[in-house]
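Structure first, then comments.
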């Protein structure tokens, strides 16, 4: 198997190939399946795994930069890959800090297994039903927005369980996609990011062994684990959307250059630069806060990440909308590429936390309240 972990160089080798057929995949809701073979060939899925555990040992910031540049070529591939990488990054952070993570990292390094997350849709409450079974639990649930699920190897998910002694909890656990009772709904028909394969995963009485449960937390309450997950995930995810905005801006500048004599063109390109720079600054700040996974886990860092996520998402969308205006009538044609990028950019608002929920979270933290629960 080829090993190529010079990610800044690799992205410009595989990127042009990934860009081919992007419009057709978008139009047909076709998952970027062949791209996963290329990424596995170059061991990109294990790139973040520490070298001593068999991985590539690249830094979190390097992966953010790779995803950002990859989005210039194929935003769906970049976004689906970011979902795997944030799970790896969280495991790396936990492993470094004496918590479970090593076993998952070694598995990724050994076989380039694809991790699929359901965390964004589950958030505090999670969904589904859990019944006690001999040696573990039986879980039934529908888990939407599972990016990369057509090539998933392990589903990293959760479900609510009413413990007879402790009351309502949320259990977190991995489930192999090969497990009996796991299937896909084939329901990813969306406005944008259509090639990410973010189907709903159906769990039908799937057996989860007791020892597979890696975390139990009170349902509906903020848990410190989110301080890790959000801090490592949002810089990776928003790097993708910042790459989308950069790609749109490049198209707009190219189209506007054809109308240099139009007195409005410089104003529009100037406005575009301001919107894009704001998105870039917010995303760059998130990457710095994550500090290549050397951050001190805490609510203050999480809150700062979420504020910057909202700023980045808002200005990513504003950048692509301004790019359409600056490009003029040419931008209205699908062949120009802006229409797809505009739809893709709108996905940024749905990642944790959406703006209003973030603002409530931030306000409650500032007032010394629990960030989620009223009680």
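A compact table of results
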quantity: Ordering of 109-122, 139-152 by packing [mean C-beta count within 10 Å, highest first]; calculated: 139-152, 109-122
quantity: Alpha-carbon centroid distance for the pair the stretch 281-345 / the stretch 135-169, whole angstrom; calculated: 30
quantity: Rounded tilt (10° steps) of 60-73 against the dominant C-alpha axis of the chain; calculated: 50
quantity: Whether the stretch 42-198 is rounded, prolate or oblate, judged on the alpha carbon gyration tensor where a/c under 1.5 counts as rounded; calculated: oblate
quantity: Relative contact order (percent, whole number), the chain, Cα cutoff 8 Å, 6+ residue spacing; calculated: 17
quantity: Taking the stretch 119-218 and dividing mean pair separation by its residue count, relative contact order in percent (alpha carbons under 8 Å, at least six apart); calculated: 34
quantity: Sorted peptide list for 86-99, 25-38, 360-373, criterion being average Cβ within 10 angstrom, highest first; calculated: 86-99, 25-38, 360-373
quantity: Tilt relative to the chain, helix 299-327 - C-alpha long axis, 0 to 90 degrees, to 10; calculated: 30
quantity: Mean residue ellipticity (222 nm) of the chain, computed from DSSP H runs ≥ 4 via -39,500 (n - 2.57), nearest 500; calculated: -16500 deg cm²/dmol
quantity: Highest to lowest packing among 10-21, 67-78, 314-325, 333-344, scored as the average C-beta count within 10 Å; calculated: 67-78, 314-325, 333-344, 10-21
quantity: Cα gyration tensor category, rounded, prolate or oblate, for the stretch 174-248 with a/c compared to 1.5; calculated: oblate
quantity: Theoretical gain in end-to-end length, residue 51 to residue 29 [0.36 nm per residue, Cα-Cα removed]; calculated: 4.3 nm
quantity: Cα-based shape type of the chain, given that a ≥ b ≥ c are square roots of the gyration tensor eigenvalues and the cut on a/c is 1.5; calculated: prolate
quantity: Degrees between helix 102-111 axis and first principal axis of the chain (Cα, 0 to 90, nearest 10); calculated: 60
quantity: Length-normalised contact order for the stretch 152-264 - Cα pairs under 8 Å, 6+ apart - percent; calculated: 21
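Each reported figure results from applying straightforward, stated rules to the coordinates on display, with no laboratory input. Treat the numbers as computed from the prediction; the structure is a model and nothing was measured. Every residue, glycine as well, gets a Cβ built from its backbone with ideal geometry; the counts of neighbours run over all protein chains shown.
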